[in-house]
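The values are calculated or read from the model by the stated rules, or taken from the named source; none is laboratory data. Remember, predicted model here, so these are calculated numbers, not experimental data. No Cβ is skipped: glycine too gets one built from the backbone with ideal geometry, and neighbour counts run over all protein chains shown.
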Amino acid sequence: MMNDRFTILTGNHRLLKSINSTVIRDLVRTDSPISGAQLAKITGMRPSTVQKILKNLESQGLVTKIGIGASTKMGGRPPTLWEICGHHGYAIGIQLEMNEIRAVLVNLKSQIIAEQQVATDRFASIHDIEEQIIIVIKDILQSKNIDRQQLLGIGIGVSGLVDVTRGIILRTSLLRHASPIPLRESLQKHYDIPIYIENDANAAALAEKWFGARKKTDHFVFVLVVVDKDVFGIGFGLVLKHDIYRGANMLAGEATPYDLNIKKILRDQCGFRDAHFINGQSKIDLDDVHLSDLIAAIDENPVAKDFFDSVGKIIADELTAVINLLDPQMIVIGGEIAAAKGSLFKPVQDSLRHRGLLLAERQIDIVPSSLPVNSVSLGAVSIILQQIFQEPVKAM
């Protein structure tokens, strides 16, 4: 009986062969190591058809044999096991922040090969952004001796309004007076490969689906919280029926802009003029407080507790309309701030519960991201991987 994960089309057309090949390739990616017999059982294809497809994929360098599996209880020839050929090509994911660029290099097996985190001055122009991205890409490839010709695509996650179809940043805090920014067009002068520009919250949500723990979650909202000395922002990645919901104008998920940063929250909302962090002995000027200081001081300092209480309430304010409108299965909170764990999540839950939003009938889980702080760059690279594995396979 055919597994209900797939509906395999049959026939003699080249298109149908390509569709079936694409299904096999994706199964090898998700379920490897896997044998031809297992693939035939899952898809309902004939074993001979599966073997022909695997040989075709092997000839293209997309899959490779990795050994022999155990024989069944009935005996017979041990099965050959297959997996994606990771070194067939590579993709790069980049997160653009106001003072930093994070990058990841992955292979076709979705394994992280290298990571980079580079501090930058504030960007003055699109030329500055273009130049910094080129340097990061060159450095991360050279760090693993990977030839540029093996690079299959570049994904970039950035805060603000993004026209993903044209690769244009419509509005962002990265540049004060230079929107819209035709970033893809600018980079394609240097790279003859697919380049995708994505909103950072959408990218982080995609990372949860590709790399993280939400592969089987149908409906969830990813809340990306960015807060430090210079910025405060909340963005939403809306996943409905497994896909990003973008809205009629491709701009869904934007939250209220905030004129906030760590100093303003501590001073104006918490009432602090300076902060004691090291066993209550040393004072730190509010201008010098980083999010990492607050996270490290959670268990010993009331300043940190009040800070996360305030941020939790702001997040709950933004979530109120989202929950009422979308009724998601899950709220995933990401960004560096998720490391605060219960100190952040309890005020979010308490505030939502007080508003009557966390009802027994709703059964909404509020959880931290299953990924580290590089979820945006991982999400950006997952766009490339998804495009690669959804492309029709050349049928022979």
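When residues in the stretch 212-236 are screened for being buried (at least 22 other Cβ atoms within 10 Å of the Cβ) and either without any contact (Cβ under 8 Å) to a residue 12 or more places away in the chain or under 30 Å from Arg148 (Cα atoms) (or both), 1 of them pass. Report whether or not Leu9 is aliphatic (A, V, I, L, M), modelled with pLDDT under 95 and closer than 13 Å to Ile84 by Cα. It is false that Leu9 is aliphatic (A, V, I, L, M), modelled with pLDDT under 95 and closer than 13 Å to Ile84 by Cα.
Of all residues in the stretch 350-371, none that is on the phi > 0 side of the Ramachandran plot has its Cβ atom under 7 Å from the Cβ atom of a residue that is surrounded by 12 or more Cβ atoms within 10 Å (Cβ to Cβ) and modelled with pLDDT of 90 or more, 6 or more apart or on another chain.
Hey, could you check the stretch 339-375 for residues that are of a type in the set (Gly, Ala, Ser) and over 18 Å from the mean Cα position of the chain (by Cα) and say which is nearest to Gln116 (Cα to Cα)? Give the steps one after another, and end with the answer.
Going through the stretch 339-375, the residues of a type in the set (Gly, Ala, Ser) turn out to be 339-340, 342-343, 351, 356, 360, 369-370, 375.
This time we only want the ones that are over 18 Å from the mean Cα position of the chain (by Cα), so: 340, 342-343, 351, 356, 360.
On the way: Ala340: 24, Gly342: 29, Ser343: 29, Ser351: 37, Gly356: 43, Ala360: 43 Å.
Among those that are of a type in the set (Gly, Ala, Ser) and over 18 Å from the mean Cα position of the chain (by Cα), it is Ala340.
Yes or no: the stretch 329-338 includes at least one residue that is without any contact (Cβ under 8 Å) to a residue 12 or more places away in the chain and outside the structural domain of Ala103 (by TED's automatic domain parsing).
Of the residues in the stretch 329-338, the ones without any contact (Cβ under 8 Å) to a residue 12 or more places away in the chain are none.
Checking the stretch 329-338: not a single residue is without any contact (Cβ under 8 Å) to a residue 12 or more places away in the chain and outside the structural domain of Ala103 (by TED's automatic domain parsing).
Within the stretch 161-202, being touching a residue at least 40 places away in the same chain (Cβ under 8 Å) and within 17 Å of Val231 (Cβ to Cβ) holds for Leu161, Ser173, Leu174, Leu175, Asn199, Asp200, Ala201. Leu251 meets each of the listed conditions (1) without any contact (Cβ under 8 Å) to a residue 60 or more places away in the chain; (2) not in a helix (DSSP H, G or I) apart from (1).
When the criteria are applied in full, Ile154 meets the requirement of being under 24 Å from the mean Cα position of the chain (by Cα) and within 27 Å of Gly233 (Cα to Cα).
Being surrounded by 15 or more Cβ atoms within 10 Å (Cβ to Cβ) and more than 19 Å from Pro347 (Cα to Cα) is a property that holds for Val239. Looking at the stretch 244-258, is at least one residue modelled with pLDDT of 90 or more, out of contact with any Pro (no Cβ under 7 Å at 6 or more places or on another chain) and of a type in the set (Asp, Glu)? So far as the stretch 244-258 goes, no, none of its residues is modelled with pLDDT of 90 or more, out of contact with any Pro (no Cβ under 7 Å at 6 or more places or on another chain) and of a type in the set (Asp, Glu).
Of the strands (runs of 3 or more DSSP E) lying entirely inside the stretch 53-160, those containing at least 1 residues that are of a type in the set (S, T, N, Q) and out of contact with any helix residue (DSSP H, G or I) (no Cβ under 6 Å at 6 or more places or on another chain) are 63-68, 80-84, 112-119. I'm checking my understanding of the structure. Among residues of the stretch 109-154 that are among the polar types (S, T, N, Q) and without any contact (Cβ under 8 Å) to a residue 12 or more places away in the chain, which one is surrounded by the fewest Cβ atoms within 10 Å (Cβ to Cβ)? Filtering first and then ranking leaves Asn145. Elements of the type helices (runs of 4 or more DSSP H) sitting completely within the stretch 302-394 and holding at least 3 residues that are buried (at least 17 other Cβ atoms within 10 Å of the Cβ) and touching a Ser or Thr at 6+ places or on another chain (Cβ under 8 Å): these cover 302-326, 375-390. So which of Val223, Val158 ends up being β-branched (Val, Ile, Thr) and in the same structural domain as Ala340 (by TED's automatic domain parsing)? Of Val223, Val158, the one residue that is β-branched (Val, Ile, Thr) and in the same structural domain as Ala340 (by TED's automatic domain parsing) is Val223.
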